[in-house]
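Please find one structure pasted underneath; my questions will follow.
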């Protein structure tokens, strides 16, 4: 616990405000989960067909079996690998595209129609062309994740560059900074909160896209388990795969927030809207 000294004496202040806030929210989160489980059980009993709508206990048993001796771990690893690959490539490309578009009116006029046309076309619409052009291997699936990530990051990055206060740019130029120095010392750092927000949104898009791509054609992955479970009327297996997918997404988001709070400095509060 850190301390702060004042004229009135020594006053203790929280060493980790974000951690304390998380602890305060934990009981609420647990209560929310319990409410969902109770509601799930009530709906399952009211439906009365456990084969088609299993309750939490039946799904939990299937989930445990899948984690300990089934295909869930391998499927999860395959899906995570595709998400990480596509998200990394898409985010880097999106940041570059957004920086260029936001820094120049000429480049904005060149790129903005292209960005706005393609970002409204869902990745599912590109599955057949991707399959024809790139084959049924990993490349086509990663390409779809890149597609669903790049434009949201580009739009956020461009918005961040445009939002840089003009007085900051003028001040840097007053002290002799050239265009390149202004870009790297002023525009890029000031755009980081927007970039981080774009990557966080793109992460959610990536998880949704990877399952769709795997359901349409893959040898492994959580989407494959969902497809097989549906074909075999194994709703418990489908629910188990969905729970794992949601848990992975939640863990990925929390890890992103944790790293941002740890290494993002003053940009983390602006990005996350909290301490």
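Please work out if residue 260 is surrounded by 19 or more Cβ atoms within 10 Å (Cβ to Cβ), touching a helix residue (DSSP H, G or I) at 6+ places or on another chain (Cβ under 7 Å), at negative phi and at pLDDT below 90.
For residue 260, the condition - surrounded by 19 or more Cβ atoms within 10 Å (Cβ to Cβ), touching a helix residue (DSSP H, G or I) at 6+ places or on another chain (Cβ under 7 Å), at negative phi and at pLDDT below 90 - is met.
Limited to region 91-121, what total is found for residues that are surrounded by fewer than 12 Cβ atoms within 10 Å (Cβ to Cβ) and either closer than 30 Å to residue 224 by Cα or touching a strand residue (DSSP E or B) at 6+ places or on another chain (Cβ under 8 Å) (or both)?
Of the residues in that region, 2 qualify.
Further question on the same structure: Restricting to region 233-248, name every residue that is part of a helix (DSSP H, G or I) and more than 18 Å from the chain's Cα centre (by Cα). Explain how you work it out, then say what you get.
Filtering region 233-248 for residues part of a helix (DSSP H, G or I) gives 235-248.
Scanning region 233-248 gives 235, 236, 237, 238, 239, 240, 241.
Have a look at 185, 190 and point out the one that is touching a helix residue (DSSP H, G or I) at 6+ places or on another chain (Cβ under 9 Å), closer than 21 Å to residue 257 by Cα and at pLDDT below 95. Before the answer, list the steps.
Numbers: 185 fails: closer than 21 Å to residue 257 by Cα.
So the residue among 185, 190 that is touching a helix residue (DSSP H, G or I) at 6+ places or on another chain (Cβ under 9 Å), closer than 21 Å to residue 257 by Cα and at pLDDT below 95 is 190.
Turning to a different aspect of this structure: From the list 214, 219, which one is in a loop (DSSP other than H, G, I, E, B) and under 15 Å from residue 78 (Cα atoms)?
Selected residue: 219, the only one of 214, 219 that is in a loop (DSSP other than H, G, I, E, B) and under 15 Å from residue 78 (Cα atoms).
Quick grid of which residues meet (1) surrounded by 10 or more Cβ atoms within 10 Å (Cβ to Cβ); (2) in contact with a helix residue (DSSP H, G or I) (Cβ under 8 Å, 6 or more places away or on another chain); (3) at pLDDT below 90:
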{"position": "10", "(1), (2), (3)": "no, no, yes"}
{"position": "19", "(1), (2), (3)": "yes, no, yes"}
{"position": "24", "(1), (2), (3)": "no, no, yes"}
{"position": "41", "(1), (2), (3)": "yes, yes, no"}
{"position": "51", "(1), (2), (3)": "yes, yes, yes"}
{"position": "58", "(1), (2), (3)": "yes, yes, no"}
{"position": "70", "(1), (2), (3)": "yes, no, yes"}
{"position": "81", "(1), (2), (3)": "yes, no, no"}
{"position": "87", "(1), (2), (3)": "yes, yes, no"}
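A follow-up question, please. Please count how many residues of region 33-60 are without any contact (Cβ under 8 Å) to a residue 40 or more places away in the chain and part of a helix (DSSP H, G or I).
Number of matching residues: 18.
Assess whether residue 237 counts as being touching a helix residue (DSSP H, G or I) at 6+ places or on another chain (Cβ under 8 Å), surrounded by fewer than 21 Cβ atoms within 10 Å (Cβ to Cβ) and either over 26 Å from residue 91 (Cβ atoms) or touching a residue at least 12 places away in the same chain (Cβ under 8 Å) (or both).
Values: touching a helix residue (DSSP H, G or I) at 6+ places or on another chain (Cβ under 8 Å): yes; surrounded by fewer than 21 Cβ atoms within 10 Å (Cβ to Cβ): no; either over 26 Å from residue 91 (Cβ atoms) or touching a residue at least 12 places away in the same chain (Cβ under 8 Å) (or both): yes.
In short, no.
If you don't mind, there's one more thing I want to ask. When you go through (1) in contact (Cβ under 8 Å) with a residue 12 or more places away in the chain; (2) touching a helix residue (DSSP H, G or I) at 6+ places or on another chain (Cβ under 7 Å); (3) under 30 Å from residue 70 (Cβ atoms) one by one for residue 230, which number turns out not to apply?
Just one mismatch for residue 230, condition (1).
So, one more: When the residues of region 127-164 are narrowed to those that are loosely packed, with under 15 Cβ neighbours inside 10 Å, in a loop (DSSP other than H, G, I, E, B) and free of Cβ contacts under 8 Å to residues at least 60 places away in the same chain, which ends up farthest from the chain's Cα centre (by Cα)?
Taking the candidates together, the pick is 135.
Is it fair to say residue 65 is out of contact with any helix residue (DSSP H, G or I) (no Cβ under 6 Å at 6 or more places or on another chain), touching a residue at least 40 places away in the same chain (Cβ under 8 Å) and over 18 Å from residue 251 (Cβ atoms)? Outline the logic, then answer.
On the way: out of contact with any helix residue (DSSP H, G or I) (no Cβ under 6 Å at 6 or more places or on another chain): yes; touching a residue at least 40 places away in the same chain (Cβ under 8 Å): no; over 18 Å from residue 251 (Cβ atoms): yes.
No: the conditions fail for residue 65.
Right, next: For residues that are over 22 Å from residue 150 (Cβ atoms), touching a residue at least 12 places away in the same chain (Cβ under 8 Å) and surrounded by 14 or more Cβ atoms within 10 Å (Cβ to Cβ), tally how many sit in region 165-184.
The qualifying residues number 4.
Within the bounds of region 202-218, is there any residue that is at pLDDT below 85, crowded, with 23+ Cβ neighbours inside 10 Å and either in contact with a helix residue (DSSP H, G or I) (Cβ under 6 Å, 6 or more places away or on another chain) or over 28 Å from residue 256 (Cα atoms) (or both)?
The answer is yes; a qualifying residue exists.
The values are calculated or read from the model by the stated rules, or taken from the named source; none is laboratory data. Computed from a predicted structure; not experimentally measured. Reconstructed Cβ throughout: ideal geometry from the backbone, glycine too, with neighbour counts over all protein chains shown.
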